[in-house]
């Protein structure tokens, strides 16, 4: 390699504009870190290649990485939560590693058609929150390194609004088309 030239590290992502890719773009936007993005057709092939040593890095969910972290095949360089995760307490947060402002939480939510009557939304919300509090559900979520964070419709709407704003900005500044 010519003097003064540096090769970018290859970093696997589970596809363009998915959560791992967007998280990398946020890190890139805030830090200037530039990696060679290798888009895979899903997280499993990216994970297989990083475990096999075909690529040196992968941006992925904690749930996907836990088996490989626990077996010692991979080491977490950072997690995007505000605090260390109880499943991998040895893994530092991005903030602890000096990357302030990089807190990303992935969520799953339940959506209903826009015209759904409010009383039906309230019933569905109440039942979902009750289900997420069940010990068997909590146990299963913990085993998968997922954190149950029940939210009512108004709280969820606030999460959506905040995330739409943040990820829209990341997409626009990164040159991704936002429809």
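The values are calculated or read from the model by the stated rules, or taken from the named source; none is laboratory data. Here the structure is a predicted model, which is why all the values come from computation and not from measurement. Here Cβ is always computed from backbone atoms with ideal geometry, including for glycine, and neighbour counts include all displayed protein chains.
The combined condition, being surrounded by 12 or more Cβ atoms within 10 Å (Cβ to Cβ) and in a helix (DSSP H, G or I), is fulfilled by residue 29.
Only one entry in 51, 38 is surrounded by fewer than 20 Cβ atoms within 10 Å (Cβ to Cβ), in the same structural domain as residue 98 (by TED's automatic domain parsing), touching a helix residue (DSSP H, G or I) at 6+ places or on another chain (Cβ under 9 Å) and modelled with pLDDT of 95 or more, namely 51.
Here is a yes/no grid of residues against (1) assigned by TED's automatic domain parsing to the domain that holds residue 76; (2) at pLDDT 90 or above; (3) farther than 19 Å from residue 161 by Cα; (4) over 16 Å from the mean Cα position of the chain (by Cα):
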| site | (1), (2), (3), (4) |
| --- | --- |
| 93 | yes, yes, yes, no |
| 96 | yes, yes, yes, yes |
| 101 | yes, no, no, no |
| 117 | no, yes, yes, yes |
| 123 | no, yes, yes, yes |
| 128 | no, yes, yes, yes |
| 131 | no, yes, yes, yes |
| 143 | no, no, yes, yes |
| 146 | no, no, yes, no |
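Does segment 108-128 contain at least one residue that is farther than 21 Å from residue 19 by Cβ, in contact (Cβ under 8 Å) with a residue 24 or more places away in the chain and part of a loop (DSSP other than H, G, I, E, B)? Among the residues of segment 108-128, not one is farther than 21 Å from residue 19 by Cβ, in contact (Cβ under 8 Å) with a residue 24 or more places away in the chain and part of a loop (DSSP other than H, G, I, E, B), which makes the answer no.
Among the residues of segment 129-146, just one is free of Cβ contacts under 8 Å to residues at least 12 places away in the same chain and closer than 30 Å to residue 30 by Cβ, namely 141. Selection of segment 61-77 for residues being assigned to a loop (DSSP other than H, G, I, E, B) and in contact (Cβ under 8 Å) with a residue 24 or more places away in the chain yields 61, 74.
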